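J.: Here it is, the structure in full.
The values are calculated or read from the model by the stated rules, or taken from the named source; none is laboratory data. None of these values were measured; they are calculated from a predicted model. Cβ sites come from the backbone with ideal geometry, for glycine too, and all protein chains shown count toward neighbours. The protein model used for the area step is the full one, side chains on, heavy atoms only, and it has no ligands, DNA or RNA in it. Shrake-Rupley method; radii C 1.70, N 1.55, O 1.52, S 1.80 Å.
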Amino acid sequence: DGLNTLRTPKLVASAARLTGRRRVLCEAFGVLPWSRAIADEKHVTDWLVALGVNMFNDNTLVSDISGFRKRCCSGKHFTQPWWRYAKVSYDYITRASAMSADTVLDTELAVLYPSTSWWALARVGKDEPERLTRSENAFNATLEALTRRHRHFEFLFEPILERAQIRNGAIVCDHATFRAVVLAGVDRLPPAAARRLEEF
């Protein structure tokens with residue numbers, strides 16, 4: 001769904017950034033229909049690069065179109081009318097990826113990833129499944145609102161928060177500094193993370 005196309009790339013990109021990694025790999029394009037064009041591929045590329053992806057595993061390079069490939073998934077194949085122009089798409093993906101990999105993202109806005117809340121609510125979820133759903137909906141709505149308003153952010157993970165220092169009104173991690181933290185869907189925290197937020 002749409003939210004997974006936002007949350008999943010951002011999750012991996014944030015983990016990479018907060019651990020000092022340059023490259024973020026993502027499988028792409030495989031579920032586009034056979035009717036897609038190179039312009040559709042560019043749209044997907046732009047979206048993923050904006051979310052921090054800078055290395056693409058093209059899931060459409062197929063050796064044949066037999067079986068389920070013919071009916072379900074798209075592919076880059078000599079049967080496509082634009083096959084001879086595929087290099088244009090690859091050149092664009094290469095350049096966009098290189099630009100993203102060599103750019104330091106310096107957002108000061110973090111969204112705390114509610115791992116402990118979700119683990120706790122999943123355990124009691126047999127009795128109250130709506131609490132977990134409300135927590136996930138609050139988190140997802142926050143991501144969508146920030147993205148639609150072009151407010152760039154990174155996920156801040158609880159173990160990173162626990163090891164962070166508070167300096168000059170900011171949460172200072174090894175590879176990022178945050179001046180604002182959004183808590184959406186968070187109702188439980190490990191004690192060390194709660195203390196760090198209180199200090200912040």
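J.: Considering only the other residues whose Cβ falls under 10 Å of the Cβ of LEU32, what net charge follows from Lys and Arg at +1 and Asp and Glu at -1?
T.: -1
J.: Turning to a different aspect of this structure: Quick one: if you stick a label point 7 Å off each Cα along the C-beta vector at ALA98 and ALA39, how many nm between them?
T.: Distance between label points: 2.7 nm.
J.: Which whole-number percentage describes the relative contact order of the chain, with Cα contacts under 8 Å and a sequence gap of 6 or more?
T.: So the answer I get is 24 percent.
J.: With +1 assigned to the C-beta of every Lys and Arg and -1 to the C-beta of every Asp and Glu, and no other charges, what is the dipole magnitude of segment 1-57 about the Cα centre in debye, to the nearest 20?
T.: 360 debye
J.: May I ask for the net charge around PRO191, where only other residues with Cβ less than 15 Å from the Cβ of PRO191 are counted and Lys, Arg are +1 while Asp, Glu are -1?
T.: Value of the local net charge: -1.
J.: While we're on this one: Heavy atoms of the protein only, probe of 1.4 Å, neighbouring chains included. What is the accessible area of MET55 in Å², nearest 10?
T.: Approximately 80 Å² for this residue.
J.: Could you tally the net charge around GLU108, taking each other residue with its Cβ under 14 Å from the Cβ of GLU108, Lys/Arg +1 and Asp/Glu -1?
T.: +2
J.: Test of understanding: what is the full-extension gain from LEU109 to ARG195, defined as 0.36 nm times their sequence separation minus their Cα-Cα distance?
T.: Difference between extended and current length: 29.0 nm.
J.: What do you get for the angle between helix 2-18 and the principal long axis of the chain? Use alpha-carbon atoms, 0 to 90 degrees, nearest ten.
T.: 70 degrees
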